[in-house]
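Here is the structure we will look at.
Quick note: the coordinates plus some simple rules give every number you see, no bench work behind them. Since the model is a prediction, treat every value here as computed from it, not as a measurement. A quick note on method: Cβ atoms are made from the backbone with ideal geometry, for glycine too, and the neighbour counts reach across all protein chains shown.
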Amino acid sequence: MEKKIFNILIIILIIPILFTSCSIVILYGKPKPDSVEKDKYTFKIGYNLYSSKRDCDQLAKKEIEKFKIQNRYVDYKIINSYDNYFPAYYAYEVKFFRSGDEWKSINISEKEIRSYFDMNIDNIEPIEGIWTNFDGSYKIGIKKNESDSKCDFVAIILESEVPTWGKGNIKIEFAKTAYKKVFSTKYYMRDRSKIGTTSSINENGILEIPLRLSDGRTTSVNFMKNYPVNIEGNFSGNFGSKNNISESTGSGFLLSETGLVITNFHVIEGKNEIEVFFPSKDMKINANIALKDKSNDLAILRLNDFNFSNIFTNSIPFTISHSSEIKLGQDVFTLGFPLGEILGKSAKLSTGTINSLYGIQDDPRIFQISNPIQPGNSGGPLFNKNGELVGIVVSTLNAKYFYENADIIPQNVNFAIKSDYLLNLISMLPEEDKIINRRNKLVDKGLENQIELLTPFIVNIKAK
């Protein structure tokens, strides 16, 4: 009896050792296509007690790569993976991408589209032309859409460094709005997923397409026109340059309960009438310039006939941080009015990080930020995660200017004036002590709560 028990114990000990000398991971059946989404498959890799996740991952990648080649896919992405305990396997959900040949397309070459623009030069719209995005991965031709009433213009791939997009594929669809250079837009990602957004051609002639990704992050895809040559807008490259049109718009924020408002100097430069609009209160108030710092593009406005307690029930919640406390990589957010009132009267959120503690040519007055910025954001506040004011949004880098003068094309390079330069102006005000010693009501609150408390004090500024 004892001998039998001993033999059983030996078997129990030996069997795992035998297993470890064999293949510890196996392909669990054949990949099965997802029933909902085309070209999405699930791979199951079986394992035993002595397997590691790393072993399974290595085998999975080999099988996925083999499957890609056998089925003539050009790329793939593992979109999900999970562990199952009985039976024991790791599952990998994989999305495969085919070439652009199977996507909706228009058969037209760059030579043909150039000829089209040459023959219709007097009738083409500002958005029509050949455009290149700033990292050079796409060259597109945008022309009137003659086959689909749902959109007015289509962006056709002329050159692409992304294998899933081929020549002739339709990358973007645009529909006109009431504004000549603003468009309702459908932007198609690498996996053909669609993002709805509003695009615009800014004052520098750059086509800007802001995108909110599926994970909540925001980014912006920007294009520069290569053909036909039709230079419009201000290409001075100076972030504080004077606006030559009859009316300018920008963002700003209420600094004190005595009616002081902060914005950029270039928003109100040379203007005779300044109107400050509080969207949350649906109230417009005229203002005059109290202080200005042209060299740092800052202006403090004073509201006329302003009574804080008659308008607001809560006090101003934010404080001002010194620039020396800001670190590279910190999360920051801004509230403002991109494109003026085109996107609605309420303030819009833009999130990002501090990309550099210095501006162009190591300018110490400026932060470089990754927040997507549009015309109309100028003068808006930049806050850190504690709800402290760290800067004032000032500009997007002038890509046309840098391309012509330095042979480079920057992408999504935006700037904010450091808060220290605002503090210098505040030191000249009789309200300095109250502003500097104000209590921060935003610290330790979530972003949603911070936005709710800040929004009543964010203003839209019009000057003419």
Q) Separation between the LYS66 and ARG190 pseudo-spin-labels, each 7 Å from Cα along Cα→Cβ, expressed in nm? A) 2.5 nm
**Q.** Simple spin-label estimate for ASN120 and ARG212 in nanometres, 7 Å along Cα-Cβ
**A.** 3.3 nm
Q: Amide H neighbours of LYS176 under 5 Å, at least 5 residues apart or on other chains, H built in the peptide plane: list them.
A: ASP152
Q. Which whole-Hz ³J(HN,Hα) couplings does segment 256-264 yield from phi under the Karplus relation 6.51 cos²θ - 1.76 cosθ + 1.60, θ = phi - 60°, glycine and proline marked x?
A. 9, 6, 8, x, 8, 10, 9, 7, 7
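Distance cut-off 19 Å, Cα to Cα: go down the list LYS292/LYS345; LYS68/LYS171; LYS171/LYS194; LYS271/LYS294; LYS345/LYS445; LYS68/LYS95 and report the pairs above it. Let's see the in-between values first.
Numbers: LYS292/LYS345 27 Å; LYS68/LYS171 24 Å; LYS171/LYS194 10 Å; LYS271/LYS294 14 Å; LYS345/LYS445 25 Å; LYS68/LYS95 10 Å.
Result: LYS292/LYS345; LYS68/LYS171; LYS345/LYS445 exceed 19 Å.
Quick one: if the Förster radius is 45 Å, what FRET efficiency do SER280 and ILE360 give, using the C-beta to C-beta distance and rounding to 0.05?
Working: r = 35 Å, r/R0 = 0.78.
Working from the Cβ atoms, E equals 0.80.
How much length is gained if the chain between ASN437 and ASN226 is pulled fully straight, taking 0.36 nm per residue apart and subtracting their Cα-Cα distance, in nm to one decimal? Numbers along the way, then the final one.
Working: separation 211, 0.36 × 211 = 75.96 nm, distance 5.21 nm.
In short, 70.8 nm is gained.
Could you work out the relative contact order of segment 301-384, using alpha carbon pairs under 8 angstrom and six or more residues apart, expressed as a whole percent?
Details: 114 pairs, mean separation 24.7, N = 84.
With pairs under 8 Å counted, the relative contact order is 29 percent.
Please go through segment 131-208 and write out the GluC sites (Glu not before Pro) that DSSP classes as loop and that have at most 13 other C-beta atoms within 10 Å. Before the final figure, lay out the partial values.
Values: sites: GLU146, GLU159, GLU161, GLU173, GLU203, GLU208; in loops: GLU146, GLU161, GLU203.
Here the GluC sites (Glu not before Pro) that fit, given the DSSP loop and packing criteria, are GLU146, GLU161.
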Q: Calculate one ³J(HN,Hα) per residue across segment 427-434 by plugging θ = phi - 60° into the Karplus curve 6.51 cos²θ - 1.76 cosθ + 1.60, and present them in order as whole Hz with x for glycine and proline.
A: 4, 8, 9, x, 8, 3, 4, 5
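Using R₀ = 25 Å, calculate the FRET efficiency as 1/(1 + (r/R₀)^6) where r is the Cβ-Cβ separation of GLU448 and ASP331; round to 0.05. Mind showing how you got there, number by number?
Working: r = 14 Å, r/R0 = 0.58.
Using R0 = 25 Å, I get an efficiency of 0.95.
Would you mind calculating the gained length between ILE108 and ASN304 on full extension (0.36 nm times residue separation, minus the Cα-Cα distance), in nm to one decimal? Numbers along the way, then the final one.
On the way: separation 196, 0.36 × 196 = 70.56 nm, distance 5.89 nm.
Length gained, ILE108 through ASN304: 64.7 nm.
Go ahead and run the numbers for FRET between LYS385 and SER346, Cβ-Cβ distance against an R0 of 30 Å, rounding to 0.05.
Working: r = 22 Å, r/R0 = 0.74.
According to the calculation, E is roughly 0.85.
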